[in-house]
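Student: Please read through the structure below; I'll follow up with questions.
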Number of protein chains: 2
Amino acid sequence: MVELNFNKLDGLIPVIAQDFETDEVLMIAFMNRDSWELTLKTGYVHYWSRSKNRLWKKGEVSGNFQEAREIRIDCDNDSVLIKVHQIGGAACHTGFRSCFHRIVNGTQLQLDGTRVFNPTDVYGEG
Amino acid sequence: MVELNFNKLDGLIPVIAQDFETDEVLMIAFMNRDSWELTLKTGYVHYWSRSKNRLWKKGEVSGNFQEAREIRIDCDNDSVLIKVHQIGGAACHTGFRSCFHRIVNGTQLQLDGTRVFNPTDVYGEG
C-alpha cells in the first residue's frame, strides 16, 4: 500500500476529484487513512465527512459514485488527485456537475454550469 | 470582496491551482484570509505556507509566479479553484510541471512527467 503523510492535518489529507474524460475539477474533500485504503481496495472513491464525522462513500445516498480511474499523489505525499468517472454526471450535492460552478467576478459570483439533477429528487426535502 | 468560510480549518482553506490552458492540476496549497485578499487584489496567487508559517507569494524565490486567470469557489464557500498561467512552466519545487507527477500503480509509484527545471539551479544547494 502506498503510504501517505496524514500527520499534517490531524489525520486527514485533501483530495481533488477531476473528471477523467474532460479534466474538469469536480470537487475537493478529505480522506483519512481508512478512506484512502478503501479507495485503493475497492476502486470507488471514499472520503471522510468532516460535517458528519464518519467514513463517506461518495454517492452512497445519490447513487453518484466515483470510479477511480487514475490516482496521483503529490510531491510531499500529503495530498491526492484522483481522476474519476463520475456516475450520474454530477459531483455536487446541489445538482451541478462540479462543486466549483461559481466564478468570482469582482465582488459578485457568476454562475457557470447547468444543473444535472434536482437535489430534492435525490436527497428529499431535507 | 467575496467572503469565504475560513473557520473549518483553523483559518485556512484548500486551494487548487489548475493550468488555464491545459486544465492540468498543478498543485494544492492553503490560503488564509490575507493571501485570499492579496490574490484578488494583485492577480498573483498568494498562499499561506504551513511549513514556514507565513504568507507565501508563489514564485517569490523561483520566479515561477502564478497569474490568476479565473477564480472559482465551491458550493460551501470553503475551497477555491484558481485557473492560472504558470510562469516558467513548472509549479512544483522539484522542477516538475505539476506536483502530481506520480501515479499509484499497485504498491508502486510510476513517474509521469518531465523536469522543466533543475531545483538546484533555482533554489541552490539548500
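The numbers here are math on the coordinates, done by the rules we state, and not lab data. No experiment lies behind these values; they were computed from the predicted model shown. Note: ideal-geometry Cβ built from the backbone for every residue, glycine included; neighbour counts use all protein chains shown.
Student: Compare B:Gly88, B:Gly43, B:Gly63 in a GNM of chain B, Cα atoms joined below 10 Å, and give the one with the largest fluctuation.
Tutor: Most flexible of the set in this elastic network: B:Gly63.
Student: Enter the Cα centre distance for the pair segment A:17-57 and segment B:68-90, rounded to the nearest angstrom.
Tutor: 21 Å
Student: In debye, nearest 20, what is the charge dipole magnitude of chain A about its Cα centre with +1 on Lys and Arg Cβ and -1 on Asp and Glu Cβ, if you could check?
Tutor: Rounded to the nearest 20 debye, it is 280 debye.
Student: Within 10 Å of each Cβ in peptide A:9-17, how many partner chain Cβ atoms are there on average? Round it to a whole number, please.
Tutor: Mean partner-chain Cβ count within 10 Å for A:9-17: 3.
Student: Determine which lysines satisfy two conditions relative to B:Lys83: a Cα distance under 30 Å, and not lying fewer than 8 residues away in the same chain.
Tutor: Of all the lysines, those that pass the test against B:Lys83 - Cα under 30 Å, at least 8 places apart if same chain - are A:Lys8, A:Lys57, A:Lys58, A:Lys83, B:Lys8, B:Lys41, B:Lys52, B:Lys57, B:Lys58.
Student: Compare A:Arg115, A:Arg69, A:Arg102 in a GNM of chain A, Cα atoms joined below 10 Å, and give the one with the largest fluctuation.
Tutor: Highest fluctuation among the options: A:Arg102.
Student: By how many degrees, between 0 and 90 and to the nearest 10, does the Cα long axis of helix B:33-42 differ from the longest principal axis of chain B?
Tutor: Between helix and principal axis, roughly 80 degrees.
Student: Find the relative contact order for segment B:55-116 and round it to a whole percent, using C-alpha pairs within less than 8 Å whose residues are 6+ positions apart. Write out the running numbers ahead of the final one.
Tutor: Working: 83 pairs, mean separation 13.8, N = 62.
Here the relative contact order equals 22 percent.
Student: Still on this structure: Per-residue Cβ counts within 10 Å, from other chains only, averaged over A:98-110: what number is that?
Tutor: Mean shielding by partner chains, rounded to a whole number: 5.
Student: Charges at C-beta only: +1 for Lys and Arg, -1 for Asp and Glu. How large is the resulting dipole of the protein assembly as shown about its Cα centre, in Debye rounded to 20?
Tutor: Value, rounded to 20: 380 debye.
Student: Counting partner chain Cβ atoms within 10 Å of every residue's Cβ in B:74-87, what's the average?
Tutor: 4
Student: What distance in nm separates the two pseudo spin-label positions at B:Glu21 and B:Gln108, each 7 Å out from Cα along the beta-carbon direction?
Tutor: 3.3 nm
Student: Applying a 10 Å radius around every beta-carbon, put B:6-12, A:106-112 in order of their mean neighbour count, most first.
Tutor: Peptide ranking by packing, descending: B:6-12, A:106-112.
Student: At A:Asn77, label 7 Å along Cα→Cβ: distances to the other copies, nm, ascending?
Tutor: 3.8
Student: Right, something else. Please build a GNM for chain A, connecting alpha carbons under 10 Å apart, and tell me which residue among A:Val25, A:Val61, A:Val116 fluctuates the most.
Tutor: Evaluated over chain A, the most mobile residue of the options is A:Val61.
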